[in-house]
Amino acid sequence: MSFEAFLIQTGVNGLILGALYLLMAVGFTLVFGSLRVVNFAHGEFYMLGGFAAYFTTVTMGLPAIASIPLAFLFVAVLGLFCERAVFRPFRGDELNGMIASIGLALILQNGALMLFGPMPLAMPPFAEGLTRFGSIVIPTSRLLAIVISAAVLAIFYVVMMHTRVGRAVRAMVQDAEVASTFGIHPGLVYPLGFALGVGLAAVAGAVMAPLFSVSPFTGHTPLLKAFLVVVLGGLGSIPGAAIASLAVGLIESYTATFYGSLAADGLILLLAVIMLVMRPNGLLGRAMRVG
Amino acid sequence: MSELQQTNPVPATAKWKIPQEFLTAKSATYCALFLPLAALPLLIDSSFVYHIAILVCLNAIITSGLGVIVRVDQLSLAHGAFAGIGAYASALAVIKLGVPFLLSLVLAALAAGVAAVLLGRLVLGLKGVYFVLATFAFNELFRMIMLLLPEISGGTNGLSNIPAAEIAGLEISSKPGFYIFIALALAATLLVVWMILRSPIGRAFDAISGNLPLAQASGIPPRRYQILAFTSGSVIAGVGGGIMAAYVGFISPESFTFWFSVNTIIMLIVGGRYSIMGPVLGALLLTPLPEVLRSTGQLQQIIYGVCLIAILRFMPGGVSGLIDRFAELMSGRK
């Protein structure tokens with residue numbers, strides 16, 4: 001493999017990571033925006049998305065492409081239930097909502113551990129073979145992961161910007177009081193925002209399941225990376241999150257290839273710390289109002 | 001001059017009396033509960049009971065630190081990292097420099113304190129969410145730095161063979177000896193926390209968590225008090241970490257992960273975050289469980305999660321909230 005091809009391969013891996021982090025960060029931001037809860041269970045929903053994909057493709061034998069909407073659906077429904085059972089009483093109560101989400105993370109992770117065991121499960125790739133662009137060769141499965149993530153984000157964007165539901169959720173995120181005077185029912189919109197947010201995490205889990213492995217412990221790293229992307233890009237800023245997650249993915253991929261994964265993680269954490277000092281609201285975030 | 005004297009009518013001797021708030025039904029209830037319990041391990045004299053009792057005290061000390069931080073409405077997810085900083089500082093001082101145990105605890109407190117002031121200045125101006133994210137990231141950063149510096153930290157292998165604690169030439173590696181030491185350390189911690197919280201500083205904490213704009217308008221600088229709370233709480237965690245290193249004899253970066261902080265949070269919430277004794281109750285209720293029920297680890301974690309959510313929802317004062325209410329009923333107040 002030529003050095004150029006090697007660099008491009010590393011870049012593709014970086015894009016995949018970037019797509020994963022973006023899916024996680026957008027969902028995380030949506031949950032925070034609608035419920036005002038820092039959702040520590042977000043990584044567990046990613047993990048459950050991976051398991052849902054595993055069981056639909058490997059156990060039930062459905063095509064890989066069907067596993068993604070099914071994972072979304074399964075986790076979104078679970079999200080509706082969790083919102084009702086766990087988060088609704090803590091709406092607007094950041095501290096207690098956050099602690100409750102830690103409790104939920106404990107329940108989900110150890111529940112998965114009891115049901116599925118600690119052994120990582122391997123999943124077949126979306127597609128076999130390689131795709132050639134001139135002299136550059138990329139595994140088709142990796143290319144598909146990027147394409148699917150981009151497609152899901154595009155669908156999400158259209159839903160949020162151009163449908164009644166999306167507009168209602170956005171209005172609620174911007175100003176819950178004003179939105180409810182316009183007849184938007186918080187009791188309907190909050191669960192929707194939460195379900196959509198954790199659904200995106202599940203999509204990330206399902207897309208990444210064939211590339212990484214599926215185990216009850218896979219949620220922690222994507223959660224950490226979503227946090228860092230949010231710190232870097234600014235909470236509530238989708239363009240900021242997009243730039244930050246691609247940057248984090250690419251930096252991680254190149255640094256990890258040349259200097260090892262520990263150095264990559266350290267560098268990104270360092271960047272996040274610098275950002276917190278220089279621009280506490282992130283790359284493109286607006287100053288948040290108190291209260 | 002005379003004006004000044006008039007504003008302070010309490011005679012100087014009154015300062016040395018036991019403060020009134022110590023002699024309440026509440027404190028009587030806690031004394032009736034805890035003094036016999038504290039003596040119990042000495043009576044049973046079994047090495048397993050000593051072990052559990054030592055762990056309870058250790059967790060109670062570390063959780064007390066978090067209790068101070070939560071007083072200003074901040075939740076630190078870096079509590080594990082600060083315990084880790086203290087543990088490494090004290091273990092390295094003992095191993096590499098041959099520093100006596102008690103002095104190594106002072107160094108642990110210093111190291112954790114300096115780190116907390118630096119981190120606090122950096123992130124305490126941030127709004128609640130960013131603060132939590134920043135402390136979460138700091139906990140990861142600590143673990144990573146420790147893994148990146150194997151010459152100092154021992155890397156993934158950690159530091160083993162940490163010498164047993166020794167005070168004034170007296171080795172307290174025996175379980176009863178260590179239990180008496182750590183019980184006294186816990187009592188000292190609780191006393192310090194109590195003194196902080198009943199002082200004007202503690203009242204400023206309450207004002208900040210009660211109504212931030214009002215506190216600001218009354219001339220309380222919130223940032224300074226938040227850094228103070230964060231630092232004192234983290235120093236307590238550092239001392240706890242130092243004691244832990246000496247007792248367990250082995251530390252590694254994996255001893256102080258996110259889940260360390262989470263366990264501390266659970267103990268605090270279950271025990272009760274509004275009371276000084278809450279951390280002790282939380283440690284007392286939750287520490288023995290994993291030691292006794294080793295086989296059902298996952299189920300136990302699920303139960304913890306359910307308890308955490310249920311207590312937040314239905315009993316925000318935790319177990320100590322119940323005891324306070326009982327004490328109030330006993331003393332005939334509503």
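In whole angstrom, note down how far apart the Cα centers of segment A:191-228 and segment A:1-67 are.
5
May I ask you to derive the FRET efficiency for B:LEU110 and A:THR140 from their Cβ-Cβ distance with R0 = 41 Å, giving the value to the nearest 0.05?
My answer for the efficiency is 0.10.
Leaving out ligands, DNA and RNA but keeping every protein chain, what accessible area does A:ILE146 have, in Å² rounded to the nearest 10, with a 1.4 Å probe?
For A:ILE146, the solvent-accessible surface is approximately 40 Å².
Which one, B:LEU119, B:LEU141, B:VAL49, projects farthest toward the positive side of the charge dipole computed for segment B:47-258 from Cβ point charges (K/R +1, D/E -1)?
The Cα lying farthest towards the positive end belongs to B:LEU119.
Which three extents, in whole angstrom, do the alpha-carbon atoms of segment A:1-120 cover along their principal axes, largest first?
Principal extents (largest minus smallest coordinate, Cα): 57, 32, 25 Å.
Given H placed 1.01 Å from N in the peptide plane, which residues other than close sequence neighbours of A:ARG279 have an amide H under 5 Å from its amide H?
HN-HN under 5 Å from A:ARG279: empty list.
Translational diffusion coefficient, Stokes-Einstein: compute it for segment A:140-202 using the Kirkwood radius over C-alpha pairs as Rh, at 10 °C and 1.306 mPa s, and state it as an integer in µm² s⁻¹.
Rounded to a whole number, D works out at 124 µm²/s.
Of B:CYS31, A:CYS82, which has the most accessible area with a 1.4 Å probe, and how do the rest follow in descending order? Numbers along the way, then the final one.
Values: B:CYS31 65, A:CYS82 5 Å².
Order by accessible area, largest first: B:CYS31, A:CYS82.
Using Cα positions and a limit of under 14 Å, work out the aspartates and glutamates in reach of B:LYS175, with same-chain residues fewer than 8 apart set aside.
Within the straight-line limit of under 14 Å, B:LYS175 reaches these aspartates and glutamates: B:ASP45, B:GLU166.
Give me the dipole magnitude in Debye, nearest 20, for the protein assembly as shown about the Cα centre, with unit charges on the beta carbon: positive for Lys and Arg, negative for Asp and Glu. It would help to have the intermediate numbers written out before the result.
Numbers: 32 positive and 23 negative charges, 259 e Å.
Charge dipole, the protein assembly as shown, about its Cα centre: 1240 debye, nearest 20.
Take every Cα pair under 8 Å in chain A that's 6+ residues apart, average their separations, divide by the length, and report that relative contact order as a whole percent.
Working: 464 pairs, mean separation 102.0, N = 291.
35 percent.
Taking a probe of 1.4 angstrom, what is the accessible area of B:GLU328 in Å², to the nearest 10?
B:GLU328 exposes around 70 Å² with every protein chain in place.
Using the Kirkwood radius over Cα pairs, work out the Stokes-Einstein diffusion coefficient for segment A:200-272 at 25 °C and 0.890 mPa s, in µm²/s as a whole number.
After rounding, the answer is 189 µm²/s.
Under 14 Å Cα-Cα from A:LYS225, which aspartates and glutamates qualify once same-chain neighbours fewer than 8 residues away are excluded?
A:GLU44, A:GLU252, A:ASP265, B:GLU140
Label A:THR181 and B:LEU289 with points 7 Å out from Cα along Cα→Cβ: what is the distance between them in nm?
Result for the modelled spin labels: 4.6 nm.
Given a Förster radius of 60 Å and the C-beta distance between B:GLU328 and A:VAL277 as r, what FRET efficiency does 1/(1 + (r/R0)^6) yield to the nearest 0.05?
Values: r = 47 Å, r/R0 = 0.78.
FRET efficiency, B:GLU328 to A:VAL277: 0.80.
Report the charge-dipole magnitude of chain B in Debye, nearest 20, computed about the Cα centre from +1 at each Lys and Arg Cβ and -1 at each Asp and Glu Cβ.
On the way: 19 positive and 13 negative charges, 160 e Å.
My answer is approximately 780 debye.
Going by a ≥ b ≥ c, the root eigenvalues of the Cα gyration tensor, does segment B:147-224 fall in the rounded group (a/c under 1.5), the prolate group (a/b larger than b/c) or the oblate group? Present the calculation step by step, with values, prior to reporting the outcome.
On the way: a/c = 4.60, a/b = 1.75, b/c = 2.63.
Since a/c reaches 1.5 but b/c is at least a/b, the shape of segment B:147-224 is classed as oblate.
If I take the Cα coordinates of chain A and project them onto the principal axes, what are the three extents in Å, biggest first?
So the extents along the principal axes, rounded to whole Å, are 61, 48, 36.
Residue by residue through segment A:144-154, which ³J(HN,Hα) values in whole Hz follow from phi under the Karplus form 6.51 cos²θ - 1.76 cosθ + 1.60 (θ = phi - 60°), with glycine and proline marked x?
With the stated coefficients, segment A:144-154 comes to 4, 4, 5, 4, 4, 4, 4, 5, 4, 5, 5 Hz.
For chain A, modelled as a GNM with alpha-carbon contacts under 10 angstrom, which of A:LEU223, A:LEU108, A:LEU262 fluctuates the most?
A:LEU262
Calculate the dipole size of segment A:23-216 relative to its Cα centre from +1 charges on Lys and Arg beta carbons and -1 charges on Asp and Glu beta carbons; express the result in debye to the nearest 20.
280
Kindly state, to the nearest 0.05, the FRET efficiency for B:PHE314 paired with A:LEU7, given R0 = 51 Å and r defined as their beta-carbon distance.
E between B:PHE314 and A:LEU7, to the nearest 0.05, is 0.35.
Apply the a/c threshold of 1.5 to the C-alpha gyration tensor of chain B and tell me whether it is rounded, prolate or oblate. Present the calculation step by step, with values, prior to reporting the outcome.
On the way: a/c = 1.39, a/b = 1.25, b/c = 1.12.
In terms of gyration-tensor shape, rounded.
Zone of A:THR131 (label point 7 Å along Cα→Cβ, backbone N under 14 Å): which residues in segment A:1-19?
A:9, A:12-13, A:15-16
Given A:PHE55, A:GLY103, A:LEU113, which one lies farthest toward the positive end of the charge dipole of segment A:23-216, if we put +1 on the Cβ of every Lys and Arg and -1 on the Cβ of every Asp and Glu?
Towards the positive end, the residue furthest out is A:PHE55.
Over segment B:19-157, what lengths in whole Å, largest first, do the semi-axes of the equivalent ellipsoid take, defined as the square roots of 5 times the eigenvalues of the alpha-carbon gyration tensor?
31, 24, 14
For the protein assembly as shown, report the translational diffusion coefficient in µm²/s to the nearest whole number, using Stokes-Einstein at 4 °C, 1.567 mPa s, and a Kirkwood Rh over Cα pairs.
50
Can you find, among B:PHE101, B:MET195, B:GLY80, the residue farthest towards the positive end of the dipole of segment B:47-258? Put +1 on the C-beta of Lys and Arg, -1 on that of Asp and Glu.
B:MET195
Report, please, the projected area of segment B:208-260 averaged over directions, based on the convex hull of its C-alpha atoms, in nm². The partial results should precede the final answer.
Working: hull surface 19.7 nm².
The orientation-averaged projected area of the Cα hull of segment B:208-260 comes to 4.9 nm².
The values are calculated or read from the model by the stated rules, or taken from the named source; none is laboratory data. Computed from a prediction, not measured in an experiment: that's the story for all the values here. A quick note on method: Cβ atoms are made from the backbone with ideal geometry, for glycine too, and the neighbour counts reach across all protein chains shown. Protein only, heavy atoms only, side chains kept; ligands, DNA and RNA dropped before computing areas. Shrake-Rupley method; radii C 1.70, N 1.55, O 1.52, S 1.80 Å.
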